[in-house]
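Data block below; observations after.
The values are calculated or read from the model by the stated rules, or taken from the named source; none is laboratory data. Remember, it's a predicted structure, so these values are computed and weren't measured experimentally. Cβ atoms come from the backbone with ideal geometry, glycine included; neighbour counts cover every protein chain shown.
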Amino acid sequence: MRNAFFLGKGGVGKTTSSAAFALAEARAGKRVLIASLDPAHNLGDVLGKRLKDKPLRVEENLDALEIRLSAWVDRYLKDSRDEMKETYSYAGALNLDSFFDIMKYSPGTEEYAVLWAIEHIHCELSPDYDLVVYDTPPTALSLRFLAMPAISNMWITELAKLRERILQRRQIVTKINPESPVASSCVDKDDDKVYGRLGSIKRRLALLQKLFSEESFVAVVINPDSLSVSEALRIKEELERIDIPFSAICVNKRGLSKAPWQLDAELAEIPAFYFDFKPEGLHERDDLMRLDTQDLVAAFDAAASEGIR
């Protein structure tokens, strides 16, 4: 296991917690990359570096980057446009530019863009590191992109079955009437671009699903209040539904509020780690070490050595 995701609602301290964890692991000797997936980036501020969408050396053993979601949306739409033109010879007759301009604002586009950004980090960048830490967007977007591989795979499976039936019918028509216009179409799934494309997407989704469900340590950051606990319960329910492990709870800013609160009984089985509120604030990178992530690091290292399952 070489990945750690920090989830939670906005404002609970995901960036601070993930950065402190990454810094502790780096100073313990691991080669660490921390990546911010949140469109409202704060990671550079916490680490004291102006980050871009490529890894930047923060200090020895620690690199960081901030994903530009808008750029990945554009890349996703461009790749989709190019693939459609290549797959469908008649696509040039369609107004694809207008279609993809609309898609930019369609539900699911941001989620797929985040997925392909994670795929890029996992396939192209992570081989140079011992650990990749992800600072994620607020809960709603994070849960949607985490669920995308499982949900999309069901759609791809059914679309592949439908495409097979179409090709089988083409074969039947071709045998009955070799002069039929269908005879000039592809009838073999091994040569069919559409079927091949569906298979390619299915393999990419399977890789990401394995990354999330088998190769990742998922920590949920909360504050000591009832709203954060309720959010953690919703996250737990969704993660169980898509078969992704809930590895740890990070209770950040302990002591900030004097209002009564407690972890729900359903969360009692999840290992919990507490970080005290620092009224003097965190002003420099070294201040992150005062959060004392030693126990969290030990839990991750133990899980990594044993395997997430």
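Annotations for the structure displayed:
- Residue among A24, A64 that is in contact (Cβ under 8 Å) with a residue 60 or more places away in the chain and either out of contact with any Cys (no Cβ under 9 Å at 6 or more places or on another chain) or of a type in the set (K, R) (or both): A24
- Residue selected from region 157-172 under the condition at pLDDT below 80 and aliphatic (A, V, I, L, M), by the criterion farthest from R204 (Cα to Cα): I172
- Among (1) more than 18 Å from S213 (Cα to Cα); (2) at pLDDT below 95, the one test that D243 misses: (1)
- Residue satisfying condition, being modelled with pLDDT of 90 or more and not in a helix (DSSP H, G or I), within set F212, F273: F273
- Filter result (within 27 Å of E215 (Cα to Cα) and part of a loop (DSSP other than H, G, I, E, B)) within region 276-309: D292, T293, G307, I308, R309
- Identity of the residue in region 239-265, assigned to a loop (DSSP other than H, G, I, E, B), more than 22 Å from the chain's Cα centre (by Cα) and among the small types (G, A, S), that ends up surrounded by the fewest Cβ atoms within 10 Å (Cβ to Cβ): A259
Residue-by-condition table, conditions (1) of a type in the set (V, I, T); (2) within 17 Å of D128 (Cα to Cα); (3) modelled with pLDDT under 95; (4) under 17 Å from the mean Cα position of the chain (by Cα):
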site	(1), (2), (3), (4)
V12	yes, no, yes, no
A26	no, yes, no, no
S36	no, no, no, yes
A40	no, no, yes, yes
L51	no, no, no, no
E66	no, no, no, yes
W72	no, no, yes, yes
Y76	no, no, yes, yes
R81	no, no, yes, no
